[in-house]
1. Would you check if Ser85 is open to solvent by 10 Å² or more (accessible area, probe 1.4 Å), touching a helix residue (DSSP H, G or I) at 6+ places or on another chain (Cβ under 9 Å), touching a residue at least 24 places away in the same chain (Cβ under 8 Å) and of a type in the set (Gly, Ala, Ser)?
2. Within segment 61-91, can you find the residues that are assigned to a loop (DSSP other than H, G, I, E, B) and aliphatic (A, V, I, L, M)?
3. Output yes when any residue across segment 4-17 is open to solvent by 50 Å² or more (accessible area, probe 1.4 Å), in contact (Cβ under 8 Å) with a residue 24 or more places away in the chain, assigned to a loop (DSSP other than H, G, I, E, B) and out of contact with any helix residue (DSSP H, G or I) (no Cβ under 8 Å at 6 or more places or on another chain), and no when none is.
4. Hey, could you check segment 57-76 for residues that are modelled with pLDDT under 95 and farther than 15 Å from Leu20 by Cβ and say which is least open to solvent (accessible area, probe 1.4 Å)?
5. Does Thr24 satisfy the condition of being part of a strand (DSSP E or B), free of Cβ contacts under 8 Å to residues at least 40 places away in the same chain and touching a Phe, Trp or Tyr at 6+ places or on another chain (Cβ under 9 Å)?
6. Suppose the filter is touching a Lys or Arg at 6+ places or on another chain (Cβ under 8 Å), part of a strand (DSSP E or B) and open to solvent by 30 Å² or more (accessible area, probe 1.4 Å); does Phe37 pass it?
Amino acid sequence: QVQLVESGGGLVQAGGSLRLSCATSGRTSSNYGMGWFRQAPGKEREFVAAISWSSINTYYADSVKGRFTISRDNAKNTVYLQMHSLKPEDTAVYYCAASGLRVGTSRLYEYEYWGQGTQVTVSS
């Protein structure tokens with residue numbers, strides 16, 4: 001079992017920045033590829049970014065490329081999502097997830113463990 005706890009969400013103006021953190025516990029986080037997803041009201045959960053266990057491979061949704069950066073610190077069992085140039089359409093609950101696919105994946109169904117989510121609200 002892996003437990004995931006997100007933090008760092010909040011209210012920010014358009015153009016601002018936030019950094020989300022995901023603390024993992026349980027099995028060693030380096031055994032897992034990690035990802036961030038988000039879900040806006042009335043919409044399906046969508047992929048945002050993913051990272052392999054070694055940090056060598058990263059993947060991004062087209063909508064966030066160049067603005068968001070995913071990283072991880074396996075020594076601290078923590079995954080980060082640095083978000084810059086935030087837009088109102090980035091408003092959503094952001095979820096951290098862990099996948100047994102260590103190389104990382106953008107596919108939601110390949111993630112076995114999920115956090116409770118953290119709200120990000122971007123005002124215009």
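The values are calculated or read from the model by the stated rules, or taken from the named source; none is laboratory data. Note that the structure is a prediction, hence the values are computed from the model and not measured. Here the Cβ is made from the backbone with ideal geometry for all residues, glycine too, and neighbour counts use every protein chain on show. We work out accessible area using only protein heavy atoms, side chains counted, and drop any ligands, DNA or RNA first. Shrake-Rupley method; radii C 1.70, N 1.55, O 1.52, S 1.80 Å.
1. no
2. The first filter runs over segment 61-91 and keeps only residues assigned to a loop (DSSP other than H, G, I, E, B), leaving 61-67, 74-77, 84-87, 91.
Residues satisfying the conditions are Ala61, Val64, Ala75, Leu86.
3. Scanning segment 4-17, I find at least one residue that is open to solvent by 50 Å² or more (accessible area, probe 1.4 Å), in contact (Cβ under 8 Å) with a residue 24 or more places away in the chain, assigned to a loop (DSSP other than H, G, I, E, B) and out of contact with any helix residue (DSSP H, G or I) (no Cβ under 8 Å at 6 or more places or on another chain), so the answer is yes.
4. This residue is Asn74.
5. No.
6. Working: touching a Lys or Arg at 6+ places or on another chain (Cβ under 8 Å): yes; part of a strand (DSSP E or B): yes; open to solvent by 30 Å² or more (accessible area, probe 1.4 Å): no.
Against the criterion (touching a Lys or Arg at 6+ places or on another chain (Cβ under 8 Å), part of a strand (DSSP E or B) and open to solvent by 30 Å² or more (accessible area, probe 1.4 Å)), Phe37 does not qualify.
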